[in-house]
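Asker: This is the structure I want to talk about, given as structure tokens.
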Amino acid sequence: MLWPLSWLYGIALRIRRLIHDLDLSKIKPAPVPIIIIGNIRVGGTGKTPIVIALAEQLSQLGWKPGIISRGYGASSQIAPVQVKCSSDPSIVGDEPVLIAKRTSDQFPIWVFPKRQQSIKALLKHFPEVNVIISDDGLQHHGLIRWPAREGGRDVEFVVRDDRGEGNRFLLPAGPLREPATRERDATLFTGTPKNQKSGILDEYFLGRRSFNLASCLGTPYQLINPSNTQSFEQITEQYLPKNIAAIAGLGNPKRFFDDLARHAVTGKQIPLPDHVAYTSEFFASIKAQCILITEKDAVKCTGISDERIWVVPMSLHLPDNLMEWLQSILQRPDPRRYTL
């Protein structure tokens, strides 16, 4: 029944793309390479851990990355804002604060819906930055780029998890912001491929550059006392499954619950909408002796002093072949300098 609306949505996308291709906006491109980490389906696919890992690994390779984000869930702003560990998630968004906390303010992070203005503000205050990572922004046509697949230095990554493209319909009949055939420089897969056999990915990846990323859960730490940690083995020995609750306010909460299950941690699962806000009353209503939450949820729980809450960190390692390929793109001469 919603397919006609999806068809109209697709027409609007094509018109928007045409305007962008005609370059009617006359927006100037950024003076440094842009790496966009985005997805084509609604809901999170695990972009933020990739942004963190990418910034850290580029820094280790000698680059000086900066990060921009829309700041989803943030209050209305009239100008770009720099994000620090101490920033309020309700003002700048939960994901930028998570990035700042995980990287200990190592990288400049700026948020604003208009990413071109964020880039200008970031480079004005941190002129040493020589590569910018955009947390989302694939559908932001105001962010001018010359993609690597066309000879440029800018990179577009599409992040895909094990949910795939659903019914492959555009909004509102399906979960897709853009067609599944959308061009990209590479696909980053954050999940276990359902149709993977003998190391061969499904037909989605045939003829496309793709990288499979593996995530790893770290040792849980107490929300009110981060220095207090306990292993998953200690949790399963100390609490019965009926006394454990796992909470995830993510685009794909099931992934968090599945990761816990791989560590033999089972219990009541409470999936919540992405970017949900938390209150002390909410946690008080949960009947459990141990409550496990994600780090993304933890940044919104700074004013909550519930000793039952334990934060489960998650890290992600980018494969060497991905970083080698990415470096080869970033090291290209700026093609705009040689275009007549």
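The values are calculated or read from the model by the stated rules, or taken from the named source; none is laboratory data. Keep in mind it's a predicted model, so treat the numbers as computed, not measured. Every residue, glycine among them, receives a Cβ derived from its backbone with ideal geometry; neighbour counts consider all protein chains shown. Just the protein is used for accessible areas: all its heavy atoms, side chains included, with ligands, DNA and RNA removed. Shrake-Rupley method; radii C 1.70, N 1.55, O 1.52, S 1.80 Å.
Asker: What about residue 36, is it touching a residue at least 60 places away in the same chain (Cβ under 8 Å) and within 21 Å of residue 152 (Cα to Cα)? Steps first, answer last, please.
Answerer: On the way: touching a residue at least 60 places away in the same chain (Cβ under 8 Å): yes; within 21 Å of residue 152 (Cα to Cα): yes.
Spelling it out, residue 36 is indeed touching a residue at least 60 places away in the same chain (Cβ under 8 Å) and within 21 Å of residue 152 (Cα to Cα).
Asker: Something else about it: In region 229-271, which residue that is in contact (Cβ under 8 Å) with a residue 24 or more places away in the chain and among the small types (Gly, Ala, Ser) is nearest to residue 48 (Cα to Cα)?
Answerer: Among those residues, the one meeting the criterion is 251.
Asker: Hey, can you tell me all the residues within region 212-231 that are open to solvent by 40 Å² or more (accessible area, probe 1.4 Å) and either farther than 12 Å from residue 298 by Cα or not hydroxyl-bearing (Ser, Thr, Tyr) (or both)? Give the steps one after another, and end with the answer.
Answerer: As a first pass, look at region 212-231 and keep what is open to solvent by 40 Å² or more (accessible area, probe 1.4 Å): 212, 214-216, 219, 221, 224-229.
Result: 212, 214, 215, 216, 219, 224, 225, 226, 227, 228, 229.
Asker: It is to be established whether one or more residues within region 87-106 are within 12 Å of the chain's Cα centre (by Cα) and free of Cβ contacts under 8 Å to residues at least 40 places away in the same chain. If you could, list the steps in order and put the result at the bottom.
Answerer: Restricting attention to region 87-106, the residues satisfying the condition of being within 12 Å of the chain's Cα centre (by Cα) are 94-96, 98-99.
So of that shortlist, the ones also free of Cβ contacts under 8 Å to residues at least 40 places away in the same chain come out as 96.
Checked against the condition, which is being within 12 Å of the chain's Cα centre (by Cα) and free of Cβ contacts under 8 Å to residues at least 40 places away in the same chain, region 87-106 yields at least one hit.
Asker: Here's a follow-up. Here are some residues: 277, 288. Which one is open to solvent by less than 20 Å² (accessible area, probe 1.4 Å) and at negative phi?
Answerer: On the way: 277 fails: open to solvent by less than 20 Å² (accessible area, probe 1.4 Å).
Result: 288 is the single residue among 277, 288 that is open to solvent by less than 20 Å² (accessible area, probe 1.4 Å) and at negative phi.
Asker: Need the failing condition index for residue 271 against (1) open to solvent by 40 Å² or more (accessible area, probe 1.4 Å); (2) of a type outside the set (Ser, Thr, Tyr); (3) part of a loop (DSSP other than H, G, I, E, B), just the number.
Answerer: (3)
Asker: Here is a follow-up. Out of 128, 178, I need the residue that is acidic (Asp, Glu), touching a residue at least 60 places away in the same chain (Cβ under 8 Å) and open to solvent by less than 50 Å² (accessible area, probe 1.4 Å). Which one?
Answerer: Numbers: 128 fails: open to solvent by less than 50 Å² (accessible area, probe 1.4 Å).
Of the residues listed, the single one that is acidic (Asp, Glu), touching a residue at least 60 places away in the same chain (Cβ under 8 Å) and open to solvent by less than 50 Å² (accessible area, probe 1.4 Å) is 178.
Asker: Another question, if that's okay. So residue 55 clears everything in (1) surrounded by fewer than 19 Cβ atoms within 10 Å (Cβ to Cβ); (2) modelled with pLDDT of 90 or more; (3) within 30 Å of residue 256 (Cα to Cα) except one condition, right? Which one?
Answerer: (1)
Asker: Okay, moving on. Could you tell me whether region 95-104 includes any residue that is surrounded by fewer than 22 Cβ atoms within 10 Å (Cβ to Cβ) and in contact with a Phe, Trp or Tyr (Cβ under 6 Å, 6 or more places away or on another chain)?
Answerer: no
Asker: Oh, and also: Considering every residue within region 65-74, establish whether at least one is touching a strand residue (DSSP E or B) at 6+ places or on another chain (Cβ under 7 Å), open to solvent by 30 Å² or more (accessible area, probe 1.4 Å), among the polar types (S, T, N, Q) and farther than 22 Å from residue 332 by Cα.
Answerer: no
Asker: Also, I was wondering about something else. If I filter region 309-318 for residues that are farther than 30 Å from residue 228 by Cβ and surrounded by fewer than 21 Cβ atoms within 10 Å (Cβ to Cβ), do I get at least one hit?
Answerer: Scanning region 309-318 turns up at least one residue that is farther than 30 Å from residue 228 by Cβ and surrounded by fewer than 21 Cβ atoms within 10 Å (Cβ to Cβ).
Asker: With the requirement that a residue be farther than 30 Å from residue 184 by Cα and out of contact with any helix residue (DSSP H, G or I) (no Cβ under 9 Å at 6 or more places or on another chain), what does region 232-256 give you? Before you say what the answer is, go through the steps one by one.
Answerer: Filtering region 232-256 down to residues farther than 30 Å from residue 184 by Cα leaves 232-247.
Scanning region 232-256 gives 233, 234, 235, 236, 237, 238, 239, 240, 241, 242, 243, 245.
Asker: Right, here's the next one. I'd like the residue in region 1-33 that is touching a Phe, Trp or Tyr at 6+ places or on another chain (Cβ under 9 Å) and either within 19 Å of residue 179 (Cβ to Cβ) or of a type in the set (A, V, I, L, M, F, W, C) (or both) and, out of all such residues, is most open to solvent (accessible area, probe 1.4 Å).
Answerer: Checked region 1-33; the qualifying residue most open to solvent (accessible area, probe 1.4 Å) is 3.
Asker: Let me ask something additional. Give the residues of region 140-164 that are under 15 Å from residue 44 (Cβ atoms) and either open to solvent by 30 Å² or more (accessible area, probe 1.4 Å) or more than 13 Å from the chain's Cα centre (by Cα) (or both), sorted by residue number. Talk me through it step by step, then tell me what you get.
Answerer: If we filter region 140-164 for residues that are under 15 Å from residue 44 (Cβ atoms), which is where we start, we get 157-164.
162, 163, 164, listed by residue number.
Asker: Please indicate, with yes or no, whether at least one residue in region 183-191 is of a type in the set (Ser, Thr, Tyr), within 21 Å of the chain's Cα centre (by Cα) and over 30 Å from residue 2 (Cα atoms).
Answerer: Start the filter on region 183-191 by keeping residues that are of a type in the set (Ser, Thr, Tyr), which leaves 187, 190.
Imposing the further condition that a residue be within 21 Å of the chain's Cα centre (by Cα) reduces the set to 187, 190.
With the extra rule that they be over 30 Å from residue 2 (Cα atoms), the set shrinks to none.
Looking through region 183-191, none of the residues is of a type in the set (Ser, Thr, Tyr), within 21 Å of the chain's Cα centre (by Cα) and over 30 Å from residue 2 (Cα atoms).
Asker: Right, next: I need the full set of residues from region 88-104 which are of a type in the set (S, T, N, Q) and at pLDDT below 95, in order please. Working first, answer last.
Answerer: Step one: list which residues in region 88-104 are of a type in the set (S, T, N, Q), which gives 90, 103-104.
Answer for region 88-104, where residues must be of a type in the set (S, T, N, Q) and at pLDDT below 95: just 90.
Asker: Let me ask something additional. Could you identify the single residue in 107, 126, 112 that is modelled with pLDDT of 95 or more and in contact with a helix residue (DSSP H, G or I) (Cβ under 8 Å, 6 or more places away or on another chain)? Walk me through it before giving the result.
Answerer: On the way: 126 fails: in contact with a helix residue (DSSP H, G or I) (Cβ under 8 Å, 6 or more places away or on another chain); 112 fails: modelled with pLDDT of 95 or more.
Just one listed residue meets the conditions, 107.
Asker: While we're looking at this one, here's another question. Identify all residues within region 232-251 that are open to solvent by 20 Å² or more (accessible area, probe 1.4 Å) and either in contact with a strand residue (DSSP E or B) (Cβ under 9 Å, 6 or more places away or on another chain) or closer than 30 Å to residue 322 by Cβ (or both); write none if there are none. Step through it out loud before you land on a result.
Answerer: Of the residues in region 232-251, the ones open to solvent by 20 Å² or more (accessible area, probe 1.4 Å) are 233-234, 236-243, 250-251.
The answer is 236, 238, 239, 241, 242, 243, 250, 251.
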